[in-house]
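The structure appears below as structure tokens.
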Amino acid sequence: MAILVNTKRLNLMNTGRYVVVTAAALASLTMARTADAQADIEAANAPRRAVSVAFGVDISHDSNLFRQPSSAQLTADTITVAYVGLRLDKQVSLQRFQLDVTETMNKYAKTSYLDFDSLDYRGAWLWQLDSIASGTFSADRKESLVPFEDVLNPGNITRNIRVTETQAFNMVVPTLGHWHLQMGVNQSTQTSEIAVEIQPDFKAVSHEAGIKYEASSGSSVTALLRSTTGDYINQSSSRLLGTGYQQDESEIRVSWLASGKSTFNGRLTWLDRSQDGASQRNFSGVTGELIYAWAITGQTILNFIVKRDLVPFQDPSGSYIAADTIAIDPTWKFSDKTTVHLLASHTNSSFDGYASTASPRRTDTLNLLELGATWAAANRLIIGGSLLMQSRDSTIAAFAFKNYIARVTASYLF
């Protein structure tokens with residue numbers, strides 16, 4: 001029996017976009033894993049329908065909303081997120097069509113100026129042309145508040161809404177025996193209400209092509225080349241950032257089903273990034289990840305994760321972040337209705353590359369611990385809860401913080 005690793009849940013950072021590897025990326029991971037656990041329980045307790053409607057509420061209390069150091073006056077707040085979504089999932093012969101449209105209301109009990117409503121969607125056509133080729137057309141949109149730990153100036157509590165949109169096409173063509181050709185194109189856009197200089201808004205197009213060998217056992221090796229061209233948009237002229245970038249990646253992926261209880265998934269990537277009009281900010285290096293999934297029993301799965309990322313960082317103190325993460329991610333399934341999970345991670349981040357100031361180099365250490373559970377209270381009613389602790393130390397004291405988040409969730413699908 002092969003172990004299926006949920007790489008969406010375990011993926012801590014996407015190096016192809018501007019996502020700073022800080023508490024923001026890891027906090028979004030904990031939110032995503034709760035949704036994934038709910039989806040797993042829904043799949044086990046309710047048959048898939050072609051059309052369904054989802055209602056949900058997420059109430060969380062954050063002890064340090066603005067991610068400020070302990071020396072500052074901390075702001076605690078309770079955030080209520082309510083949503084309604086329409087889901088379509090229809091199989092027509094060899095074709096499968098999916099659509100998920102969600103309207104979300106975000107309300108802050110004390111800092112009401114942060115309130116906002118968002119419309120998110122994801123649509124996909126999973127196409128297949130007999131045995132000749134298969135692939136996916138997809139488009140998605142996500143609207144969110146820029147995390148306060150990602151702002152350049154600590155103490156900045158201005159509301160800033162960010163919208164990310166992605167359109168993608170990929171195709172897999174079986175060739176001889178166990179070999180497959182892969183290709184794809186992806187367009188992504190990020191726009192913000194207020195320019196964030198360390199993560200400037202952009203429009204980027206990526207192309208990739210590769211070859212995959214898949215053994216009869218299910219293990220596989222994939223070699224990929226990826227090229228991304230991006231333009232900065234809506235940026236401030238106060239920094240020498242250039243007008244855009246070119247990023248080229250050479251990647252090897254390995255998935256090894258070592259046994260019925262053990263699976264290894266790995267990636268090793270050489271990344272080369274050049275900045276148009278700001279060559280001093282160019283950088284290159286090795287990134288990668290290794291995930292070991294161990295099914296200790298039929299109800300207990302333990303994931304070990306080791307990861308290295310190189311992330312663009314547009315600031316006078318550096319050009320990129322080198323982040324090394326180690327994490328452990330066990331899940332216990334006590335029954336078809338109840339799942340408990342734990343996540344513990346440790347990340348060291350150094351801010352490297354070109355610096356236009358003589359300030360000391362910044363290094364951060366981020367620790368995260370989360371415990372959560374989901375329960376299928378009824379056939380389509382899912383209740384969840386979690387406790388989260390984040391702590392970041394930094395060589396620049398203003399960027400250090402600690403916070404606690406308690407969360408309860410409920411969702412109903414009909």
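Residue-wise test of (1) of a type in the set (Ser, Thr, Tyr); (2) over 30 Å from GLN235 (Cβ atoms).
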| residue | (1), (2) |
| --- | --- |
| THR166 | yes, no |
| PHE169 | no, no |
| PRO174 | no, yes |
| VAL196 | no, no |
| GLN199 | no, no |
| PHE202 | no, no |
| HIS207 | no, no |
| TYR213 | yes, yes |
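Give ASN303, ASN282, ASN348 a once-over and let me know the one that is surrounded by fewer than 21 Cβ atoms within 10 Å (Cβ to Cβ), within 19 Å of the chain's Cα centre (by Cα) and not aliphatic (A, V, I, L, M). So the residue among ASN303, ASN282, ASN348 that is surrounded by fewer than 21 Cβ atoms within 10 Å (Cβ to Cβ), within 19 Å of the chain's Cα centre (by Cα) and not aliphatic (A, V, I, L, M) is ASN348. Scanning the stretch 173-198 for residues that are assigned to a loop (DSSP other than H, G, I, E, B) and in contact (Cβ under 8 Å) with a residue 24 or more places away in the chain yields HIS178, GLU193, ILE194, ALA195, VAL196, GLU197, ILE198. Just one of the numbered conditions (1) open to solvent by 70 Å² or more (accessible area, probe 1.4 Å); (2) without any contact (Cβ under 8 Å) to a residue 24 or more places away in the chain is not true of ILE132: (2). Residues in the stretch 90-106 that are assigned to a strand (DSSP E or B), more than 23 Å from the chain's Cα centre (by Cα) and either surrounded by 15 or more Cβ atoms within 10 Å (Cβ to Cβ) or of a type in the set (S, T, N, Q) (or both): GLN91, GLN95, ARG96, PHE97. Considering the stretch 251-261, the residues that are at pLDDT 95 or above and open to solvent by 60 Å² or more (accessible area, probe 1.4 Å) include one that is farthest from MET183 (Cα to Cα), namely TRP256. For the stretch 197-232, filtered to residues that are hydrophobic (A, V, I, L, M, F, W, C) and closer than 23 Å to GLN167 by Cβ, the residue that is surrounded by the fewest Cβ atoms within 10 Å (Cβ to Cβ) is LEU225.
The values are calculated or read from the model by the stated rules, or taken from the named source; none is laboratory data. Everything numeric here is computed off the predicted structure, so don't read it as measured data. All Cβ positions, glycine included, derive from the backbone under ideal geometry; neighbour counts span all protein chains shown. With ligands, DNA and RNA removed, areas are computed over all heavy atoms of the protein, side chains included. Shrake-Rupley method; radii C 1.70, N 1.55, O 1.52, S 1.80 Å.
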